[in-house]
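Here's the structure we're looking at; comments come further down.
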Amino acid sequence: MKPRIAVLGCGYWGSNHIRTLKALGALHAVSDANRARAEGFASEQDCLAIEPDHLFGRDDIDAIVMALPPQFHADLAVRAAESGKDVLVEKPIALTVPDAERAVQAAKDNGRVFMVGHVLRFHPAFETLKGLIDKGELGEVRYIHSHRLGLGKFHTENDALWDLAPHDLSMILAITGTEPIEVRGEGAALLDSLSDFAHLHMRFPNGLRSHLFASRLNPYRERRLTVVGTKAMAVFDDVEPWERKLAVYRHAVWQDSGQWAFTTNEPSYVAVAQGMPLTRELEHFIQCIETRAEPRTSGEEAIRVLRILTAGTVTHTKS
């Protein structure tokens with residue numbers, strides 16, 4: 001029998017969890033501060049609607065997916081762990097590193113699975129890219145840059161960096177296998193005191209450099225991760241159709257008689273098996289519940305991401 005999972009938070013992303021868990025046969029209940037909203041999803045998906053305060057003491061719930069405003073995640077994740085529930089917490093898992101550490105420690109102390117919703121780690125294109133890197137197809141990775149741009153969404157508690165960058169930071173950390181030793185942030189606030197545009201510049205122990213640009217006030221969508229290696233370059237572009245999501249460029253640069261020379265080549269598109277990242281993420285969560293394995297996107301990874309976000313945050317004062 002599959003684990004019985006409840007979704008706490010029936011907003012935009014919570015509704016995606018609800019429908020996906022239902023398709024996987026693991027949705028048991030939904031919960032939201034807005035009772036009518038929860039009851040609507042419960043009726044639609046043929047599951048229970050449970051008040052948030054009553055959720056944690058239920059013996060018929062094995063795990064909770066939390067898709068709430070991030071300021072509520074830490075306290076409720078601690079409560080879930082102490083109630084014997086495994087948890088998947090959407091990003092960001094907290095707004096401070098101490099709160100994140102407290103939630104992750106509570107899961108450890110109570111022997112519970114703690115997973116974070118860095119969903120792009122489960123994207124087939126990223127998994128294929130990571131495989132190419134691990135096999136040495138790109139040579140030594142020297143530089144990584146990511147752009148995540150678009151219009152909205154706008155939050156009152158977290159800025160463009162905290163809302164958009166966690167996915168990219170999770171992918172960058174998976175590639176580098178280590179935390180940066182230097183983080184420098186730049187930001188610009190146009191609407192209020194929170195950054196609508198954010199840049200992160202990172203330096204890693206082996207000399208690898210990385211740059212991240214996030215914007216919630218951009219006229220077009222861009223979802224692109226570029227990895228530059230000594231043998232080839234690769235681009236994961238999630239805006240492109242499936243057959244063009246992962247491109248490898250085998251350009252060459254060399255010195256000839258003291259002068260730089262280079263050749264350019266057309267990209268080769270790598271075949272990627274189609275699959276919904278959220279479905280794959282929740283399948284992984286279910287597997288971790290059943291096997292008690294450490295999730296690919298663990299609480300420790302989420303803490304590493306929060307450290308970078310904290311170090312790179314730029315504060316603004318209202319004019």
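Starting from region 152-221, pick out the chymotrypsin sites (Phe, Trp or Tyr not before Pro) whose DSSP state is loop and whose Cβ has at most 16 other Cβ atoms within 10 Å.
Numbers: sites: Phe154, Trp162, Phe197, Phe213, Tyr220; in loops: Phe154.
In loop regions of region 152-221 (DSSP not H, G, I, E or B), the sparsely surrounded chymotrypsin sites (Phe, Trp or Tyr not before Pro) are Phe154.
What FRET efficiency, computed as 1/(1 + (r/R0)^6) with R0 = 22 Å and r the Cβ-Cβ distance, is obtained for Arg19 and Glu39, rounded to the nearest 0.05?
Values: r = 16 Å, r/R0 = 0.74.
Between Arg19 and Glu39 the formula returns 0.85.
Compute the long axis of helix 299-312 from its Cα atoms, compare it with the longest principal axis of the Cα atoms of the chain, and write down the angle in degrees, 0 to 90, nearest 10.
Roughly 60 degrees, rounded to the nearest 10.
Write out the GluC sites (Glu not before Pro) in region 73-148 meeting two conditions: DSSP loop, and at most 15 other Cβ atoms within 10 Å of their Cβ.
Glu140
How far is helix 12-23 tilted, in degrees, relative to the longest principal axis of the Cα atoms in the chain, given as a value from 0 to 90 rounded to the nearest 10?
80 degrees
Report, in debye and to the nearest 20, how large the dipole of region 5-112 comes out about its Cα centre when Lys and Arg carry +1 and Asp and Glu carry -1 on their Cβ. Walk me through the intermediate numbers first.
Working: 11 positive and 16 negative charges, 49 e Å.
The dipole magnitude comes to about 240 debye.
Cα convex hull of the chain: mean projected area in nm², to one decimal? Don't skip to the end; give the middle numbers.
On the way: hull surface 74.7 nm².
With every direction weighted equally, the projected area is 18.7 nm².
Using 5 Å bins from zero, what percent of all Cα-Cα pairs in region 5-112 falls into each bin?
Final binned percentages: 2, 14, 25, 25, 19, 10, 4, 1.
Distance in nm between label sites at Ala273 and Trp260, each 7 Å beyond Cα in the beta-carbon direction?
Using points 7 Å along Cα→Cβ, the separation is 4.1 nm.
Starting from the eigenvalues of the Cα gyration tensor, five times each then square-rooted, give me the equivalent ellipsoid semi-axes of region 207-319, largest first, whole Å.
32, 24, 17
Using only Cα atoms, tell me the angle between helix 277-291 and the longest principal axis of the chain; keep it within 0 to 90° and round to the nearest 10.
So the inclination is approximately 60 degrees.
If contacts are Cα pairs under 8 angstrom and at least 6 residues apart, what is the relative contact order of the chain in percent?
Details: 655 pairs, mean separation 57.6, N = 319.
Relative CO of the chain lands at 18 percent.
Taking H placed 1.01 Å from N in the peptide plane, check which residues at least 5 places from Ser195 or on another chain put their amide H under 5 Å from its amide H.
Ala160
Every read-out reported here was derived from the displayed coordinates using simple, explicitly stated rules and does not represent laboratory data. Predicted model, so just to flag it, every value in this text is computed and none were measured. Here Cβ is always computed from backbone atoms with ideal geometry, including for glycine, and neighbour counts include all displayed protein chains.
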